[in-house]
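The next block holds one structure in the form of structure tokens; read it before the comments.
The values are calculated or read from the model by the stated rules, or taken from the named source; none is laboratory data. Remember, predicted model here, so these are calculated numbers, not experimental data. Neighbour counts are summed over all protein chains in view; Cβ atoms, including those assigned to glycine, are modelled from backbone coordinates with ideal geometry. Ligands, DNA and RNA are stripped out before the accessible areas are found, and what is left, the full protein with its side chains, is counted by its heavy atoms. Shrake-Rupley method; radii C 1.70, N 1.55, O 1.52, S 1.80 Å.
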Amino acid sequence: MNECIFPLDNVEAFIRNNKVHIERTEFGLKWNSGPGVVEITIQPLNLKLNDGRVVAEQVILSYSSPTIAQFDSEYVSELQKFTLLSTFIPSTSASKGILVSKVGIFDTDKVAAEKIYAPLIAQEASIIAWHCETLVNGISSCNSDLSPLTSTDKLPPYSQSEYEVLKELLESLGHFTSIDEYGITTEFPWDLGAVSRSFKDGLTKKELLKAGYDSEFVELAGGNTALFELRVSNHPMYGSGILSLLKLPLNLEDNDAVNLSNRLNYWELMSPELPPLFGSWSPSKGTVVFVSFIPTHFCISVPGLIHNITMWAKIRALNVRAVLKDSEVLH
């Protein structure tokens, strides 16, 4: 295999340390796990974007099995609620169903590939088959001590000062943001000029006008936003970790939300220039939400990860807004 940015040797050593028999393929790694097969594939791309940036390669982690091949889109949507860093892609007439993560690596991403992408991909790869088959067997809640992970009862290693620094950054970028001891909430603009849905409140509008803000600004500022939340939470299978949610301001019927979430997951998988597909789109109360859960076990090896997750959400919101702007789901 040609030289690549992603440190495949490090990931292979990590997986082998778990006593797994790995086959080194032309494009990556492959091994049997349970009734299925786990693969890590590196695809050389050299994709030049309009802004001059270059996506050098794409790394795909996937788990395929006979059970996933039978999943329909509605069942997949139910399973997405328990996602960690992978998303279920249902079977179609043209392709088999898989559980998958993806990251496009830019030619300037060497440090990120070593310090962020590789540790997360390696750890997700070590449990991806267990995760899928446990859910297939009808177990979506269990004593976290029975999972393949450690540190399930420990809080993620991120300090309050890290949340405060992140809040300052988001506010400097114009995003309405709040924090508490367990996480951060911010809003990314969906409508032109939108700052926060809270500005729709009549009393808030009056206060802003009284403070001297222009009436047009005040009206636009109360437009629709994509709500992002990142906080310490507990997964029903893996215990403590970081849960992140990016909720779009849509008003959808249940079937439309299911269909849109599946479309967005596939769109992300096929778009290497987007932020890492570490999580999944899932239907939720009339809209769709990008959800990701990173167990404390994973967080320990990636300092400062909450900053990356938040910036990925900001870019994701911008890109999904662009791809949906002419769609009927926005009207």
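For Thr177, the test of being among the hydroxyl-bearing types (Ser, Thr, Tyr), buried (at least 20 other Cβ atoms within 10 Å of the Cβ) and touching a residue at least 60 places away in the same chain (Cβ under 8 Å) is failed. Filtering the stretch 142-188 to residues that are outside any loop (DSSP other than H, G, I, E, B) and aromatic (Phe, Trp, Tyr) leaves Tyr163, Phe188. Restricting attention to the stretch 189-235, the residues that are at pLDDT 75 or above, surrounded by 14 or more Cβ atoms within 10 Å (Cβ to Cβ), in a helix (DSSP H, G or I) and not hydrophobic (A, V, I, L, M, F, W, C) add up to 1. Residues that are closer than 17 Å to Leu245 by Cα and open to solvent by 20 Å² or more (accessible area, probe 1.4 Å) within the stretch 265-290 comprise Pro283, Ser284, Lys285, listed in sequence order.
In the stretch 56-74, of all residues being within 19 Å of the chain's Cα centre (by Cα) and β-branched (Val, Ile, Thr), the one that is surrounded by the most Cβ atoms within 10 Å (Cβ to Cβ) corresponds to Val59. Residue count for the stretch 125-146 satisfying the condition of being within 13 Å of Val59 (Cα to Cα) and either free of Cβ contacts under 8 Å to residues at least 60 places away in the same chain or charged (D, E, K, R) (or both): 0.
Just one of the listed residues (Ser159, Ser93) is farther than 30 Å from Met270 by Cβ, among the hydroxyl-bearing types (Ser, Thr, Tyr) and modelled with pLDDT under 95, and it is Ser159. Residues in the stretch 102-109 include none that are hydroxyl-bearing (Ser, Thr, Tyr) and not in a loop (DSSP other than H, G, I, E, B).
Okay, residues lined up against (1) more than 11 Å from the chain's Cα centre (by Cα); (2) part of a helix (DSSP H, G or I):
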position: Leu252; (1), (2): yes, no
position: Ser261; (1), (2): yes, yes
position: Glu273; (1), (2): yes, no
position: Ile294; (1), (2): no, no
